[in-house]
1. Let me have the 222 nm mean residue ellipticity of the chain computed from DSSP H runs of 4+ only, each contributing -39500 (n - 2.57), with the sum over all residues rounded to the nearest 500.
2. Using the heavy atoms of the protein chains alone and a 1.4 angstrom probe, what is the accessible area of the chain per residue in square angstrom?
3. By how many nm would the segment from residue 94 to residue 110 grow when fully extended, if each residue of separation counts as 0.36 nm and the alpha-carbon distance is taken off?
4. In segment 51-107, which trypsin sites (Lys or Arg not before Pro) fall in coil by DSSP and have 13 or fewer other Cβ atoms within 10 Å?
5. Normalised by the number of residues in segment 10-119, what is the relative contact order in percent for Cα pairs under 8 Å and 6+ residues apart?
6. For the chain, what is one quarter of the convex hull surface built on the Cα atoms, given in nm²?
7. Measure nothing but the geometry: give the 0 to 90° angle between the long axis through the Cα atoms of 35-53 and the longest principal axis through the Cα atoms of the chain, rounded to 10°.
Amino acid sequence: MIYSSTVRTIATILVLACIAGSIVVGLLHEPRTPLLAWMSLTVGAISLLAVLATKRSPKRDAVLFIISGMAGGVFIGAAKVDFPGTLPIWLWTIGAFCIGTAALIVDAESAQSKSVNRL
């Protein structure tokens, strides 16, 4: 997979769309959705917005996507949402982790291909 700016932007927008779906699900379950779930959703969204606002850097992007994925995991655990409602949350979490992993692989490959002057 080529980790270009276009792929990064499209993937980030798709994960943000899943976060928007999670907001809808959280609002439908408002009485049962605690503050921790909303805080984790905010952290996940802010980290993805930071990815969109900055230049491409696979190492930094990987960290931000993994933070977003962990925030999705916290949202799944904290929001007491039943199964079909958890689909956008699962897509958010899995998507963020997959993109973060792809960014780590690209960073590792670019580090391996750089020549090092050992003089």
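The values are calculated or read from the model by the stated rules, or taken from the named source; none is laboratory data. Computed from a predicted structure; not experimentally measured. Every residue, glycine as well, gets a Cβ built from its backbone with ideal geometry; the counts of neighbours run over all protein chains shown. Only protein heavy atoms, including side chains, enter the accessible area calculation; ligands, DNA and RNA are left aside. Shrake-Rupley method; radii C 1.70, N 1.55, O 1.52, S 1.80 Å.
1. The per-residue figure over the chain is -28000 deg cm²/dmol.
2. 58 Å²
3. Working: separation 16, 0.36 × 16 = 5.76 nm, distance 2.44 nm.
Using 0.36 nm per residue and subtracting the Cα-Cα distance, I get 3.3 nm.
4. On the way: sites: 55, 56, 59, 60, 80; in loops: 55, 56, 80.
Within segment 51-107, the qualifying trypsin sites (Lys or Arg not before Pro) (loop, at most 13 other Cβ atoms within 10 Å) are 55, 80.
5. Numbers: 123 pairs, mean separation 38.7, N = 110.
The value is 35 percent.
6. Average of the hull's projected areas for the chain equals 8.1 nm².
7. 30 degrees
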